[in-house]
Amino acid sequence: MNQKFLKIKERVEKELSCSAHDIGHVMRVYNLCLRLAEDEDVDLEVLQAAALLHDIARVKEDNDPSGKTDHAILSAEMAVPILKDLGFPDEKIRHIQDCIASHRYRTGDKPETKEAQILFDADKLDSLGAIGIARSFVWVGRNNAKIYTNGDIEEYIRNNLGGDINGRIQDKTKHSPQIEFETKLKFLVDSLYTEKAKETGKERAEFYKKFLDRLEREINGDP
């Protein structure tokens, strides 16, 4: 990583305090982006910058009780002065902003460019597999949520997601990894764009589901 990207990383690290979306998450997404971009015709400078900046506003969203802050949109805005200070041309800045703004799953802003699609894929892969399980329980601890729930998903969507499966969680203490899997994670693989990500995502999703099945057995006292 050259000095330009190290400076971006330093700026991002100062903004992040949530351990589920900390600099570790950012760097895993960054490295996944580089791997998914192998043999692809992409602007690596755009991709690297977008990967580093994609969650810079995440803490601001998490700390907004109104639920009106969209970290993808705000991160795209916060990226501009940082990129300008580092001499990025306006055309690249706009491209980086587009990548950041469209990286979120629960949004209508779909990634159009290859760089944006790779960032989207890398971010989703970090929600699956062993690392996804670890991050989900970090989130549970931070939000005093549940390690396990067994209820009607449709009722949950009506009562805690505003009636929309892609809606924002209204009461985080009622959420759990099982609910997150049933309302979001199990659909992620079908939303991925690159073949490399689809292959990895399928394996990671299966691992996550096996863990949840085992967790349910143990919660119920089964051997």
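Here are a few things to note about the model shown:
- Count of the range 127-154 residues which are open to solvent by less than 40 Å² (accessible area, probe 1.4 Å) and within 20 Å of the chain's Cα centre (by Cα): 10
- Residues satisfying the stated conditions in the range 79-138, i.e. touching a residue at least 60 places away in the same chain (Cβ under 8 Å), basic (Lys, Arg) and out of contact with any Leu (no Cβ under 8 Å at 6 or more places or on another chain): Arg106, Lys114, Arg135
- Restricting Arg35, Arg11 to those that are open to solvent by 70 Å² or more (accessible area, probe 1.4 Å), assigned to a helix (DSSP H, G or I), out of contact with any Lys or Arg (no Cβ under 7 Å at 6 or more places or on another chain) and farther than 23 Å from Lys84 by Cα reduces the list to Arg35.
- Residues of the range 184-205 classified as within 19 Å of Ile147 (Cα to Cα) and in contact with a helix residue (DSSP H, G or I) (Cβ under 9 Å, 6 or more places away or on another chain), total: 3
- Put simply, of Ala116, Ala49, Ala72 the only residue that is modelled with pLDDT of 90 or more, closer than 29 Å to Gln170 by Cα, part of a helix (DSSP H, G or I) and not aromatic (Phe, Trp, Tyr) is Ala116.
- Subset of the range 52-69 [at pLDDT below 90, in a helix (DSSP H, G or I) and either open to solvent by 10 Å² or more (accessible area, probe 1.4 Å) or closer than 22 Å to Glu112 by Cα (or both)]: Arg58, Val59, Lys60, Asp62
- Condition check for Ile179: on the phi < 0 side of the Ramachandran plot, in contact with a Phe, Trp or Tyr (Cβ under 7 Å, 6 or more places away or on another chain), in contact (Cβ under 8 Å) with a residue 60 or more places away in the chain and hydrophobic (A, V, I, L, M, F, W, C): no
- Within the range 21-32, if we keep just the residues that are of a type in the set (A, V, I, L, M, F, W, C) and buried (at least 18 other Cβ atoms within 10 Å of the Cβ), the residue that is farthest from Phe120 (Cα to Cα) turns out to be Ile23.
- Qualifying residue in the range 98-111 (condition: more than 16 Å from Thr194 (Cα to Cα) and open to solvent by less than 10 Å² (accessible area, probe 1.4 Å)): yes
The values are calculated or read from the model by the stated rules, or taken from the named source; none is laboratory data. As the structure is a computational prediction, the values presented were derived from the model and not from experiment. When we count neighbours, we look across all protein chains shown, and the Cβ atoms used for this are built from the backbone with ideal geometry, even at glycine. When the accessible area is computed, the model is the full protein with side chains, heavy atoms only, and any ligands, DNA or RNA have been set aside. Shrake-Rupley method; radii C 1.70, N 1.55, O 1.52, S 1.80 Å.
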